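Before any comments, here is the structure.
The values are calculated or read from the model by the stated rules, or taken from the named source; none is laboratory data. Just so it is clear, the structure is predicted and the values come from calculations on it, not from any experiment. Here the Cβ is made from the backbone with ideal geometry for all residues, glycine too, and neighbour counts use every protein chain on show.
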Amino acid sequence: MDETHDPTRTSWVESAQGHPDFPIQNLPYGVFHRRDDTDDPSPARLCMAIGDSVLDLTACHDEGWFTGAADLAGAAFAEPALNALLALGPETWRAVRRQASALLASDSSAFRANRRIGDHVLVPMAEAELTLPFVAGDYTDFYASVHHASNVGALFRPDNPLLPNYKWVPIGYHGRASSLVPSDTPVRRPHGQRKDPGSDAPTFGPSRALDWEAEVGFVVGRENALGAPVPIADAGSHLFGLCLVNDWSARDVQSWEYQPLGPFLAKNFATTVSPWVVTLDALEPFRVPAAPRPSGDPSPLPYLTDPSDQRCGAFDVTIEVWLSSARMRAEQAEPVRVSRGRLADLYWTPAQMLAHHTSGGCNLRPGDLLASGTVSGPDRENRGCLLELTRRGAEPLVLPTGETRAFLEDGDEVVLRGYAEREGVVRVGFGECVGTVGV
């Protein structure tokens, strides 16, 4: 850790003090353009979140506030995605974060010299249109929560919930990068083949078992060459940051189509990504040991084993899911929290996922997205999707209006929130990842 994590550091941006997500100790990256540019939209460009504002990195660069490695990122700041910045590597990422933190600090020499500096480099969050923060050439979704795998497996295979390979290999599938969408994008209910248990043939139509999946995305920063696996000891340094991911799933379509090759139409219609990427540097105070494996579980194979990763390769991030129906919003009822999971409960660490992904020679590129799979825990409140929470619809949720939900209905809004906190350290958050179901 360094001075950017100092819990006593405050900012001249007043809204940053005590902000639940975006204090000066966080500074997550995003991409924005001004909402008031609708007649002649300005190009999207990079920013950081600070309190209730965004820091325009291009404006900071034009004002001369970045030097050295951070100054070299000037052209990347003007790009409509993080990819060009990611390609510059960890030295540049760290330099930009440190210099932005110094600029925003209460004792900033730049602020002392010009108390109106915010007029030049800040944009109110309410005036910023946030877009997808990176262009993912490829998207891979893992299945890294043993609690999720066990809960789902028990619904379909009560006598054998976990398949034999689960505790040996990080399971994943290749998702559809083209249908990654930014937060607040409406989610159209997908159509697909469904087969009811008592029917002889499937039918085609809209999914009747639409679900969310509360996940965390790991954004690739450093690339590796084709045919050059990334060693587990180096895998963590290839990741840039974390974001929230809602991997929407059509469970009725999935149950019919997934054998023998896994998810297809059930998961390719939309995956919602939060607008902010929280850097690994910001999350350094929240590193924790990998989740302990129960007695009798196999140790990871050597290519997935690294003492440092086992000691501090997991992140203590809480993921919450909040649900509101159209009726709840019409009656001004508050959203209800239906799930709270912990990323540190994953069976596999982010570095293990990346090392395994590249172990056969696959090349990952800046902006590629690896997702955790549904983040679930040991208790009912930790279950990260409706399939688990309602036990495949057998135990529906009851909403404050008296409505019930086995799966999502049209008009339902799902909000993911994430944060990391511990005593003696300033809490950092991920903002929100929002999607509303349409037709």
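Quick rundown of the values:
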{"quantity": "Candidate set: region 272-292, residues that are within 11 Å of the chain's Cα centre (by Cα) and more than 18 Å from GLN25 (Cβ to Cβ); chosen: the one surrounded by the fewest Cβ atoms within 10 Å (Cβ to Cβ)", "calculated": "THR272"}
{"quantity": "Options ARG287, ARG222, ARG208; residue that is touching a Cys at 6+ places or on another chain (Cβ under 6 Å) and over 19 Å from THR185 (Cβ atoms)", "calculated": "ARG287"}
{"quantity": "Criterion: over 29 Å from GLY418 (Cβ atoms), touching a Lys or Arg at 6+ places or on another chain (Cβ under 6 Å) and assigned by TED's automatic domain parsing to the domain that holds ALA351 - qualifying residue of PRO197, PRO229, PRO202", "calculated": "PRO202"}
{"quantity": "VAL415 being assigned to a strand (DSSP E or B), assigned by TED's automatic domain parsing to the domain that holds PHE156 and over 27 Å from VAL146 (Cα atoms)", "calculated": "no"}
{"quantity": "Those residues of region 7-39 which are assigned to a loop (DSSP other than H, G, I, E, B) and either farther than 16 Å from ASP281 by Cβ or not assigned by TED's automatic domain parsing to the domain that holds ALA126 (or both), in sequence order", "calculated": "THR8, THR10, TRP12, VAL13, GLN17, GLY18, HIS19, PRO20, ASP21, THR38, ASP39"}
{"quantity": "Residue tally, condition closer than 23 Å to SER42 by Cβ and either in a helix (DSSP H, G or I) or not assigned by TED's automatic domain parsing to the domain that holds LEU122 (or both), over region 61-101", "calculated": "14"}
{"quantity": "Given (1) more than 22 Å from the chain's Cα centre (by Cα); (2) surrounded by 17 or more Cβ atoms within 10 Å (Cβ to Cβ); (3) of a type outside the set (Ser, Thr, Tyr); (4) closer than 15 Å to VAL414 by Cα, index of the condition TRP322 fails", "calculated": "(1)"}
{"quantity": "Identity of the residue in region 145-201, in a loop (DSSP other than H, G, I, E, B) and polar (S, T, N, Q), that ends up farthest from THR358 (Cα to Cα)", "calculated": "SER199"}
{"quantity": "Whichever residue in region 210-234 is crowded, with 21+ Cβ neighbours inside 10 Å, in contact with a Ser or Thr (Cβ under 8 Å, 6 or more places away or on another chain) and of a type in the set (A, V, I, L, M, F, W, C) and, among such residues, is farthest from SER359 (Cα to Cα)", "calculated": "LEU210"}
{"quantity": "Any hit, region 373-395, residues being in a strand (DSSP E or B) and either in contact (Cβ under 8 Å) with a residue 60 or more places away in the chain or within 27 Å of GLY262 (Cβ to Cβ) (or both)", "calculated": "no"}
{"quantity": "The lone exception for ALA177 - which of (1) surrounded by 16 or more Cβ atoms within 10 Å (Cβ to Cβ); (2) farther than 30 Å from GLU223 by Cβ; (3) among the hydrophobic types (A, V, I, L, M, F, W, C) it fails", "calculated": "(2)"}
{"quantity": "Unique match (being touching a Leu at 6+ places or on another chain (Cβ under 7 Å) and at pLDDT below 95) among ALA136, ALA154, ALA149", "calculated": "ALA149"}
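The rows are residues; the columns are (1) in contact with a helix residue (DSSP H, G or I) (Cβ under 7 Å, 6 or more places away or on another chain); (2) assigned to a loop (DSSP other than H, G, I, E, B); (3) of a type outside the set (Phe, Trp, Tyr); (4) over 13 Å from VAL375 (Cβ atoms).
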| position | (1), (2), (3), (4) |
| --- | --- |
| GLY296 | no, yes, yes, yes |
| SER299 | no, yes, yes, yes |
| LEU323 | no, no, yes, yes |
| ALA333 | no, yes, yes, yes |
| VAL338 | yes, no, yes, yes |
| TYR347 | yes, yes, no, no |
